[in-house]
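In what follows, a structure is listed as structure tokens, so that the remarks can point back to it.
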Amino acid sequence: MMKQWLDIADEIKQIYSGKEFVPLHEPTLGEKESEYVTDCIKSGWVSSVGKYVDQFEKQLAEYVGVKRAVAVVNGTAALHVALKMAGVQPGDEVFMPSLTFVATANAASYLQAVPHFVDVSKETLGLDPYKLEKHILEIGEMKNGELINKNTGRIIRTVVPMHTFGHPVDIDQLLIVCKRYNLALVEDAAESLGSLYKGKHTGSFGVAGAVSFNGNKIITTGGGGAILTNDEELADYAKHITTTAKIPHRWEYNHDELGYNYRMPNLNAALGCAQLEKIEYFVSSKRALVNKYKLIFENFDGVSVFEEGTQVKSNYWLQTLMIDRKNHKLEKVLEVLNAYGIMARPVWTPMHKLSIFENSPQSNLEVTNYLAESLINIPSTPLKGEEE
Ligand SMILES: *Cc1c(COP(=O)(O)O)cnc(C)c1O
């Protein structure tokens, strides 16, 4: 008899030792987390000052291979500041995928800039550099070294690729387009900590990168994020404006520009230090999981397990199925899996379909629309003793 979705649900449960409910992604917390957090509480330094923030920033920068990391309250705040570092001005347009979490588009909007949506690639699930250039040739013109959208008159200075579910975009090709049109690259690497493109960590390629440590991400600080950069001066600037732009002084409160209270509390950083020690295990375990899913869906018509491309190493943050709608109804698949205790969910509603962004400029978005109706995520929590 042909395998049914109920059988699939059963097999997924078996991967997770027969659990009644299998969530999409659970944080893995242990002794080390308790130890560091307890140490933090005992020290009394739970808030905006303390050794764990410095330690976490240092270890994170080392891990990713960038000069500096600045820890902040969440990934959205990191993106907001990273875009500011890249020089995004009010009234600018910012190229980004429509197939992303709302934070990418929100961050640009916080700076009174306008998201400009560009289509993605079926191979990477991220921004398609060839489509980007084709679109630029249609709508753009260079004036005094700046790219102008001929239709709106606005300047476009920045591109924000997002490494969907941990899969790196085609960075080399994107950098070529950036150079040709004088665009600054800011990576939304919120989902891709631990993913490599040609051996280099995502988040380290542009002016700045943003990562997230929300509870569902590959490592968590409860809530948190960080800005990554190789530019010491920009890192200092990021630190300054994320700590209310206060001029250091023993007792005086002076602030030299509009600042933000975005600093990560010490308590969260303590959790982050413990989590960072385990990241290689998380990545390795998630990479092993894809092979289990491939076995489950072998010979199952109309479904393919999304796999990393060549020259990249994905952290496989969320496991992804591509469903052929000719064979399966997406709604039905989601209904069966969720009813049977397997948490599964579709990808985000694309940004150009949200009322807040429906008037934003956009390229042809056919692949985005196709993927939005074809992708689902399935349980992806790392498994103990199941590393690559
Ligand atoms: C998680 C995420 C963010 C940032 O999220 P926070 O919840 O603010 O930490 C940004 N972009 C993408 C694509 C994300 O998945």
Residue within region 141-161 that is closer than 30 Å to Ser48 by Cβ, open to solvent by 10 Å² or more (accessible area, probe 1.4 Å), among the acidic types (Asp, Glu) and more than 16 Å from the ligand (Cβ to nearest atom) present: no
Residue in region 313-327 that is surrounded by fewer than 20 Cβ atoms within 10 Å (Cβ to Cβ) and without any contact (Cβ under 8 Å) to a residue 40 or more places away in the chain present: yes
Residue count for region 284-312, restricted to those that are touching a residue at least 60 places away in the same chain (Cβ under 8 Å) and in a helix (DSSP H, G or I): 10
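Let's see how each residue does on (1) at pLDDT below 95; (2) in contact with a helix residue (DSSP H, G or I) (Cβ under 9 Å, 6 or more places away or on another chain); (3) more than 23 Å from Glu308 (Cβ to Cβ):
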residue: Asn327; (1), (2), (3): yes, no, yes
residue: Leu334; (1), (2), (3): no, no, yes
residue: Asn338; (1), (2), (3): no, no, yes
residue: Val347; (1), (2), (3): no, yes, no
residue: Ser355; (1), (2), (3): no, no, yes
residue: Glu358; (1), (2), (3): yes, yes, yes
residue: Gln362; (1), (2), (3): no, yes, yes
residue: Leu365; (1), (2), (3): no, yes, yes
All helices (runs of 4 or more DSSP H) inside region 20-123 with 1 or more residues being open to solvent by less than 40 Å² (accessible area, probe 1.4 Å) and of a type in the set (D, E, K, R): 31-43, 51-64
Of all residues in region 205-230 being closer than 16 Å to Leu267 by Cα and more than 8 Å from the ligand (Cβ to nearest atom), the one that is surrounded by the most Cβ atoms within 10 Å (Cβ to Cβ): Ala226
Residue under evaluation Gln112, criteria (1) under 24 Å from Tyr260 (Cβ atoms); (2) touching a helix residue (DSSP H, G or I) at 6+ places or on another chain (Cβ under 7 Å); (3) more than 16 Å from the ligand (Cβ to nearest atom), criterion not met: (2)
Count of residues meeting criterion [under 20 Å from the mean Cα position of the chain (by Cα) and either open to solvent by less than 40 Å² (accessible area, probe 1.4 Å) or within 16 Å of Val118 (Cβ to Cβ) (or both)] in region 328-347: 2
Filter result for the condition that a residue is part of a loop (DSSP other than H, G, I, E, B), more than 24 Å from Leu111 (Cβ to Cβ) and among the small types (Gly, Ala, Ser), over Gly272, Gly194, Gly206: Gly194
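To keep it simple, each residue is scored yes or no on (1) more than 22 Å from Lys286 (Cβ to Cβ); (2) more than 23 Å from the chain's Cα centre (by Cα); (3) in contact (Cβ under 8 Å) with a residue 60 or more places away in the chain.
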position: Gln14; (1), (2), (3): no, yes, no
position: Thr28; (1), (2), (3): no, no, yes
position: Ser34; (1), (2), (3): yes, yes, no
position: Gly44; (1), (2), (3): yes, yes, no
position: Leu60; (1), (2), (3): no, no, yes
position: Tyr63; (1), (2), (3): no, no, yes
position: Ala71; (1), (2), (3): yes, no, yes
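Return the only residue of Glu233, Glu257 being without any contact (Cβ under 8 Å) to a residue 12 or more places away in the chain and either open to solvent by 10 Å² or more (accessible area, probe 1.4 Å) or not assigned by TED's automatic domain parsing to the domain that holds Thr310 (or both).
On the way: Glu257 fails: without any contact (Cβ under 8 Å) to a residue 12 or more places away in the chain.
Among Glu233, Glu257, only Glu233 is without any contact (Cβ under 8 Å) to a residue 12 or more places away in the chain and either open to solvent by 10 Å² or more (accessible area, probe 1.4 Å) or not assigned by TED's automatic domain parsing to the domain that holds Thr310 (or both).
The values are calculated or read from the model by the stated rules, or taken from the named source; none is laboratory data. None of these values were measured; they are calculated from a predicted model. A quick note on method: Cβ atoms are made from the backbone with ideal geometry, for glycine too, and the neighbour counts reach across all protein chains shown. The protein model used for the area step is the full one, side chains on, heavy atoms only, and it has no ligands, DNA or RNA in it. Shrake-Rupley method; radii C 1.70, N 1.55, O 1.52, S 1.80 Å.
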